[in-house]
Amino acid sequence: MLTYSKRLDSISESVTLKLNALVSELKAKGEKVINLTAGEPDFSPPQAANEAVIQAVHDHQSKYTPVAGYPELRQAVADKTNLQQSEIKVPWVGNNVVISNGGKQALYNTFLSILNDGDEVIIISPFWLTYPEVVKLAGGVPKIIETTLESGYKLSANQLKEAITSKTKAVIINSPSNPTGAMYTKEELKSLGDVILGHSKKDSLWVISDEIYDRIILDDVEFCSFLNANPQLQNQTVTVNGMSKSSAMTGWRVGWTVANLKLTQAIIKVQGQTTSGINSLAQWASIAALKLDETQFKAQVESFKRRRNLVLEILSKSEKIKRFKPQGAFYVFFEIGMDSVEFAEKLLEKKKVAVIPGTAFGNSQAVRISFATDETSLKEGCSRIVEFIEEEVK
Ligand code: PLP
């Protein structure tokens, strides 16, 4: 008899797969489905990135790259991070950076490098659906801490204090957040950092700060990197980021970790024996894109703002929808007062609109829509959601 890895027994299958299969089925029948599930910007990558790839092809940049990435790219990432973390004592250098296949591999590398069997990792719910799975695959135990719409889907200092046990190894912070768009202020991040600094385990706790939506800020507030609020935690914080969301380069698969030298060496070991590093051409594209001025991305961010406002305005037409105004990223997360999987399946069947059930993110009574799509689809899709809720939800 063939047997399969027990390691996968505790890993959830993506609840979005079922939905995607239904969407494909409907599309194959010629039905027009409004798809509000996209986890990626609908914009093109920067022209400079495209040109850099073409140039790299002409320059025969086709060999293995260093496992941790080209020095030029590692340095560009260190420079970007130093700008966002101006309060840290010792600026990062290229040697603190590992370029990986997206932020997702950056997280896998990190947890494989820090976790031992049974170590707990604090995950704030609603969470990006990969967090619990990566922790489990690396032998850890996800410790999910619930937050509510009323608390802005943010973890309080008290909650963090109570969540830390003798087994806690790390906490994941994701601001702006997928799926809620919640963003922590500098003061809020500092209050979380103070809990760690004041804890008896302060020297053995890691903070993984996933900052992949750093550029997509929808209100007049400033993005704050975790370490800029907590420079004393530099040695034990891993900043995860990448090109996918902020530079509309999801398919190029470029992400990274910025961490202390010892952890960076461990991550290089993991990556060296798994993927050997990332695609050479995408690295040259990223070097070019990281040189661009913020103004180059202003139009995209403005467009996301308009779309966020449009979605919220339409959803406000039903009092049954408990909305949350996202300050960052490109999702609206709202509570619907019924089971989210049933909601998503029925909505697709009856109104031909695809959304992601909140169950995937740890909240079974909510759904996530993405506004990374054109305004016509958003208007029509959200109007149908309102209609559906008025018809179906008691
Ligand atoms: N972190 C968060 C919160 C995300 O939403 C995503 C993608 O959806 C990632 C990390 C990983 O992105 P990528 O692997 O494309 O860099």
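Applying the criterion of being over 18 Å from residue 169 (Cα atoms) and out of contact with any strand residue (DSSP E or B) (no Cβ under 7 Å at 6 or more places or on another chain) to the residues of the stretch 131-155, the residue that is surrounded by the fewest Cβ atoms within 10 Å (Cβ to Cβ) is 150. Entry remark, the stretch 80-121: residues being in a loop (DSSP other than H, G, I, E, B), of a type in the set (S, T, N, Q) and away from the ligand (no atom under 13 Å from the Cβ) number 3 in total.
Selection within the stretch 12-51: residues that are touching a Pro at 6+ places or on another chain (Cβ under 9 Å) and either more than 30 Å from residue 117 (Cα to Cα) or hydrophobic (A, V, I, L, M, F, W, C) (or both). The member of this set that is most open to solvent (accessible area, probe 1.4 Å) is 15.
Table: residues versus (1) within 30 Å of residue 77 (Cβ to Cβ); (2) under 22 Å from the mean Cα position of the chain (by Cα).
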position	(1), (2)
300	yes, yes
315	no, no
327	yes, yes
338	no, no
341	no, yes
353	no, no
359	no, yes
370	yes, yes
390	no, no
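So is residue 265 assigned to a helix (DSSP H, G or I) and either touching a residue at least 12 places away in the same chain (Cβ under 8 Å) or under 16 Å from the mean Cα position of the chain (by Cα) (or both) or not? Judged against the criteria, residue 265 is not a match. Considering only the stretch 32-79, state which residues are of a type in the set (Gly, Ala, Ser) and in a helix (DSSP H, G or I). Those that are of a type in the set (Gly, Ala, Ser) and in a helix (DSSP H, G or I): 48, 49, 52, 56, 76, 78.
As a summary of the residue check, residue 124 satisfies the conditions (1) surrounded by 18 or more Cβ atoms within 10 Å (Cβ to Cβ); (2) assigned to a helix (DSSP H, G or I) except for the one numbered (2). Might you let me know whether the stretch 69-91 holds any residue that is closer than 15 Å to residue 273 by Cα, surrounded by fewer than 22 Cβ atoms within 10 Å (Cβ to Cβ), of a type outside the set (Val, Ile, Thr) and modelled with pLDDT of 95 or more? No, because not a single residue in the stretch 69-91 is closer than 15 Å to residue 273 by Cα, surrounded by fewer than 22 Cβ atoms within 10 Å (Cβ to Cβ), of a type outside the set (Val, Ile, Thr) and modelled with pLDDT of 95 or more.
Pairing residues of the stretch 212-225 that are closer than 19 Å to residue 257 by Cα and within 15 Å of the ligand (Cβ to nearest atom) with residues that are in a loop (DSSP other than H, G, I, E, B) and of a type in the set (Phe, Trp, Tyr), at Cβ distances under 7 Å and at least 6 apart in sequence or on separate chains, gives 214/223.
When the stretch 226-239 is filtered for residues that are surrounded by fewer than 24 Cβ atoms within 10 Å (Cβ to Cβ) and either within 14 Å of the ligand (Cβ to nearest atom) or more than 17 Å from residue 78 (Cβ to Cβ) (or both), the ones remaining, listed by number, are 229, 232, 233, 236. Report yes if residue 359 is in contact with a Ser or Thr (Cβ under 9 Å, 6 or more places away or on another chain) and either more than 23 Å from residue 223 (Cβ to Cβ) or at pLDDT below 95 (or both), otherwise no. Taking the combined requirement at face value, the residue satisfies it.
Select from the stretch 124-179 the residues that are hydroxyl-bearing (Ser, Thr, Tyr) and within 16 Å of the ligand (Cβ to nearest atom) and list them in ascending order. If the condition is that a residue be hydroxyl-bearing (Ser, Thr, Tyr) and within 16 Å of the ligand (Cβ to nearest atom), then 125, 130, 131, 147, 153, 175, 177 are the ones that fit. Against the condition at pLDDT below 95 and basic (Lys, Arg), how does residue 104 come out, does it pass? When the stated conditions are applied, residue 104 does not pass them. Just to be sure, is residue 257 within 15 Å of the ligand (Cβ to nearest atom), surrounded by fewer than 24 Cβ atoms within 10 Å (Cβ to Cβ), in contact (Cβ under 8 Å) with a residue 12 or more places away in the chain and under 22 Å from residue 75 (Cα atoms)? In short, no. Taking residues in the stretch 286-302 that are in contact (Cβ under 8 Å) with a residue 24 or more places away in the chain, and partners anywhere that are part of a loop (DSSP other than H, G, I, E, B) and of a type in the set (Phe, Trp, Tyr), the pairs with Cβ atoms closer than 7 Å and at least 6 places apart or on different chains are 300/43. Screening residue 336 with (1) among the β-branched types (Val, Ile, Thr); (2) modelled with pLDDT under 95; (3) under 30 Å from residue 110 (Cα atoms) gives one miss only, at (3). Scanning the stretch 92-142 for residues that are aromatic (Phe, Trp, Tyr) and closer than 17 Å to residue 255 by Cα returns 92, 108, 111, 128, 131.
The values are calculated or read from the model by the stated rules, or taken from the named source; none is laboratory data. Because the structure is a prediction, the values reported are computed rather than measured. Cβ coordinates were reconstructed from backbone atoms using ideal geometry, including for glycine residues, and neighbour counts include every protein chain displayed. Ligands, DNA and RNA are stripped out before the accessible areas are found, and what is left, the full protein with its side chains, is counted by its heavy atoms. Shrake-Rupley method; radii C 1.70, N 1.55, O 1.52, S 1.80 Å.
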